[in-house]
Amino acid sequence: MKINFRTQIIVTLILVIVGFMSSLWFDKDIYYNLAWAFTGLVFFINPVYPQNIVRLKREDAEKGIRITGMILVFIGITNGFGV
């Protein structure tokens with residue numbers, strides 16, 4: 001079962017907020033970075049996009065979202081979002 005764009009955005013937004021708050025609470029950047037890496041991984045696995053905005057072919061849109069997801073994973077893992 002694929003979840004839709006809105007649900008995935010809400011879930012990943014909550015995850016990033018929880019990661020940010022955990023990083024502030026525990027004074028460790030790793031939680032925020034892992035939240036971003038997980039967000040990228042979610043979009044890599046399930047590349048969803050708003051159907052009414054994108055005018056690209058489905059394959060092209062999914063490919064772009066997967067590439068962006070891997071960029072987020074790379075930045076999150078390499079400690080690029082530090083608080």
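Some points to look at:
- Condition broken by Ile10, with the remaining ones in (1) assigned to a helix (DSSP H, G or I); (2) surrounded by 13 or more Cβ atoms within 10 Å (Cβ to Cβ) satisfied: (2)
- Considered as a group, the residues in the stretch 23-41 that are open to solvent by less than 30 Å² (accessible area, probe 1.4 Å) and under 15 Å from the mean Cα position of the chain (by Cα) include one that is modelled with the lowest pLDDT, and that residue is Asn33.
- When residues in the stretch 45-67 are screened for being at pLDDT 85 or above and either on the phi > 0 side of the Ramachandran plot or open to solvent by 80 Å² or more (accessible area, probe 1.4 Å) (or both), 4 of them pass.
- The set of residues in the stretch 1-48 that are farther than 17 Å from Gly76 by Cβ and in contact with an Asp or Glu (Cβ under 8 Å, 6 or more places away or on another chain) contains only Pro47.
The values are calculated or read from the model by the stated rules, or taken from the named source; none is laboratory data. Model, not experiment: these values are computed from the prediction. No Cβ is skipped: glycine too gets one built from the backbone with ideal geometry, and neighbour counts run over all protein chains shown. The protein model used for the area step is the full one, side chains on, heavy atoms only, and it has no ligands, DNA or RNA in it. Shrake-Rupley method; radii C 1.70, N 1.55, O 1.52, S 1.80 Å.
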